[in-house]
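Okay, structure first, notes after.
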Amino acid sequence: MSSQTPTYALWNKASRVFGGRGLFSLSVALKAPYFRTILPMIQEMKPGRCVVTSPKWWGVHNHIGTYHAIAACNLAEVAMGMVAEATVPTSHRWLPKKMNVEYLAKAETSLRAVAELDGIPEFGDEGQEIDVPVNVYDKKDQVVVRATITIWVTRKKK
């Protein structure tokens, strides 16, 4: 049995070919339809780290024409989900449990979310909460949203 999840294995294949990142990102948005509005583009995905970008377009605008706060949360969730898929072994499963978000500045540009773990946790028999920090940056490299998404990781039942 491979230690890579099917998602991470697909990323490793797709990201090596021309247009593969775009097709992979589209497949993520098709699998989780609520991500479609942010048009996510996975730029980097590896155990402990994921970078996802999203353009500023009218589909993510709020009433004042900036990037909507909940759309930024969706972007953070994509980054968290992809880092979980690259990090959690196939012997385990993960589910989002809670999300804490700070909106630090108006998001007036396209955004880049970076989910990065401090280290790769040990995955044992007991369920555990893992906090996944995600910073969302604007085009000026200013953090506009800071999120911590807690996932619940348990061993799969045999």
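Out of these labelled values of P(r) over Cα pairs in 10 Å bins from 0, in percent, (1) 11, 41, 34, 12, 2, 0; (2) 9, 29, 30, 20, 9, 3, 0; (3) 11, 34, 29, 16, 7, 3, 0, which was calculated from the coordinates shown here? Recomputing P(r) over Cα pairs in 10 Å bins from 0, in percent here gives the entry labelled (1). Residues in segment 3-8 carry Karplus couplings, in order, of 7, 8, 5, x, 5, 5 Hz; the curve used is 6.51 cos²θ - 1.76 cosθ + 1.60 with θ = phi - 60°, and Gly or Pro positions show x. Per atom type, segment 68-147 shows carbon and sulfur on 45% of its accessible surface, probed at 1.4 Å. Straight-distance candidates among the aspartates and glutamates for linking to LYS97, with alpha-carbon spacing under 18 Å and chain neighbours fewer than 8 residues away dropped: GLU77, GLU85, GLU116, GLU126, GLU129, ASP131.
Here the Karplus relation 6.51 cos²θ - 1.76 cosθ + 1.60, evaluated at θ = phi - 60°, turns the backbone of segment 148-158 into coupling constants of 10, 10, 8, 10, 9, 10, 9, 5, 5, 6, 7 Hz, with x for every Gly and Pro.
Among the listed pairs LYS31/LYS56; LYS56/LYS106; LYS106/LYS139, those whose Cα-Cα separation exceeds 20 Å are LYS31/LYS56. At a probe radius of 1.4 angstrom, the accessible area of the chain per residue rounds to 56 square angstrom. The mean sequence separation of alpha-carbon pairs under 8 Å and at least six residues apart, normalised by the residue count of segment 1-86, gives a relative contact order of 28 percent.
The values are calculated or read from the model by the stated rules, or taken from the named source; none is laboratory data. In this text, all values refer to a predicted model and were calculated from it rather than measured experimentally. Keep in mind that these areas ignore ligands, DNA and RNA; they rest on the heavy atoms of the full protein, side chains included. Shrake-Rupley method; radii C 1.70, N 1.55, O 1.52, S 1.80 Å.
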